[in-house]
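Here, each number is a calculation from the coordinates, and none is a lab measurement. What you are looking at is a predicted structure, and each value in this text was computed from that prediction instead of being measured. Reconstructed Cβ throughout: ideal geometry from the backbone, glycine too, with neighbour counts over all protein chains shown.
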């Protein structure tokens, strides 16, 4: 086994992007895309669980973690271009793609254009619909709040909706880590990404065209993209698998990591 290392920076799409690359060089590749407004470290437990058998890549979406923001207007399409360019740069022809929340939006968007590049898809705590008018208004208000009062208040408000009720007692370390991720994201990147999320197109129309294996996972107490959203996608993606994780909210990989990793390993083993 060779370990390629952590926090490697590479120019992707004319922008410096930070990524982890762990595991055997010749092994099947799993690429993880984090949610908003987090970074690649949210996948550390999954990297540890998989890196002995698979080549595991996690990266910071531009403007998040240690990746530069660049000068382009943030859009989901831009984030997809970054993903494909990263694969090209690392000479990865095919991979399993796993995205949580915003990472799921990017993954679904990629399915519409580049499905042939992926061997399987894992969607976690995400949905295919575009923002409703109400959701867009909430994002605009969030931008106004960030610009007026800063990131700390936004972080504290976000935390309230991200976790299952029990996690506030049992997952204090994880909650603290997530809060820190939010605080380390610049005000400008937060606002730019909120605009990108509010302007994204729906991807429900491509679900019936997905022909690769798909696993959908969602926290039972996810308030942001609830199990009903996962079920909606599951019913429209032929032969997809749906797993609802107990004692988890929107960050199911952090709140229920043991069950999440069991399902993850079982699914990947069925593909490769």
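Under 18 Å from the 7 Å Cα→Cβ point of residue 92, by amide nitrogen: which residues of segment 110-131? Answer for this model: 110-124. Stretching residue 149 away from residue 172 to a fully extended chain increases their span by 5.8 nm, per 0.36 nm per residue minus the current alpha-carbon distance.
Peptides 183-190, 27-34, ordered by how many other C-beta atoms sit within 10 Å of their residues on average, highest first, read 27-34, 183-190. Which shape class, rounded, prolate or oblate, goes with segment 195-272 when its Cα gyration tensor gives a ≥ b ≥ c as root eigenvalues, a/c under 1.5 marks rounded, and past that a/b bigger than b/c marks prolate? Since a/c reaches 1.5 but b/c is at least a/b, the shape of segment 195-272 is classed as oblate. The antiparallel fraction among DSSP beta bridges confined to segment 5-271 stands at about 30%.
For the peptides 62-68, 10-16, residues were scored by their other Cβ atoms within 10 Å and the scores averaged per peptide; the highest-first order is 62-68, 10-16.
Which whole-angstrom value gives the distance between the alpha carbon centres of segment 135-205 and segment 62-118? Their Cα centres are 20 Å away from one another. With both labels modelled 7 Å from their Cα along Cα-to-Cβ, the residue 159 to residue 238 distance reads 4.7 nm. Along its first, second and third principal axes, ordered by size, the chain spans 49, 39, 37 Å in Cα coordinates. For the pair residue 136 and residue 25, a Förster radius of 35 Å applied to the C-beta separation gives a FRET efficiency near 0.20, rounded to the nearest 0.05.
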